[in-house]
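Everything on this sheet refers to the single structure shown next.
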Amino acid sequence: MQEGDFSVIDIETTGGSMDNIPVGFELLLTGARCAQTYAMYTAAPESLAQLADFLASFAGVVVTYNGARFDLPVLEDHFGRTLGRRLEIGRHYDLMAEIERAANRRISLDRLCLYTFGEGKVPWDHRQNARVWASEPHRLADYNRRDLDLTHELFMRVLREEPLFLGDTTVVLPAP
């Protein structure tokens, strides 16, 4: 598998509770990275339809970090409410789910990246997402892009069969 054979996606939201996903979450943007190309999609119907079409037609693997529990249920909810259609993804690889399977525990993207290659996420207060999106949308897009880059690098390590460091243990994840 090569870089263009997968696309990393990550969403940014406001509202909601992690205890009740996807209820109450409003989608602000979805970032996608395929090789060195980035795309940002908003919750506007036209943009959301473009994202839905991209995901449905993408022949490679869609990679997420905690996507099975968060990103995909929120997208599924918004596709249904806004577009009247279901989320269609051919193949999905959730890094957090694979880590949980291999190590029997969860770890944040920030911690995993700090332990594995010494780089972390952009410091961020998600409670400010709606305000930042309304006044400085480029800042939220930049934050999202950093998460895409970190997830991309982690998945490249999976493809190269390199270890991921969880602080007190190491895992080598299976490639899709």
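No value in this document is a laboratory result; all are computed from the given coordinates. Keep in mind the model is a prediction, meaning the values are calculated, not measured.
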Overall form of the stretch 47-137 per C-alpha gyration tensor (a/c, 1.5; a/b vs b/c): oblate
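Dividing the convex hull volume of the Cα atoms of the chain by its residue count, what figure in Å³ per residue is obtained?
Expressed per residue, the convex hull around the Cα atoms of the chain is 113 Å³.
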In sequence order, calculated HN-Hα J values of the stretch 14-20 (Karplus, 6.51, -1.76, 1.60; Hz; x Gly/Pro): 9, x, x, 9, 4, 7, 9
Candidates His152, His78, His126, ranked by Gaussian network fluctuation over the chain, Cα under 10 Å, top entry: His126
Choice from Asp19, Asp142, Asp94 with maximal GNM fluctuation in the chain (Cα, 10 Å cutoff): Asp19
Karplus-derived 3J(HN,Hα), 6.51/-1.76/1.60, for each residue of the stretch 25-35, Hz, glycine and proline x: 7, 9, 6, 9, 7, 10, x, 9, 10, 10, 6
The chain: most fluctuating residue of Tyr65, Tyr115, Tyr93 per GNM, C-alpha cutoff 10 Å: Tyr115
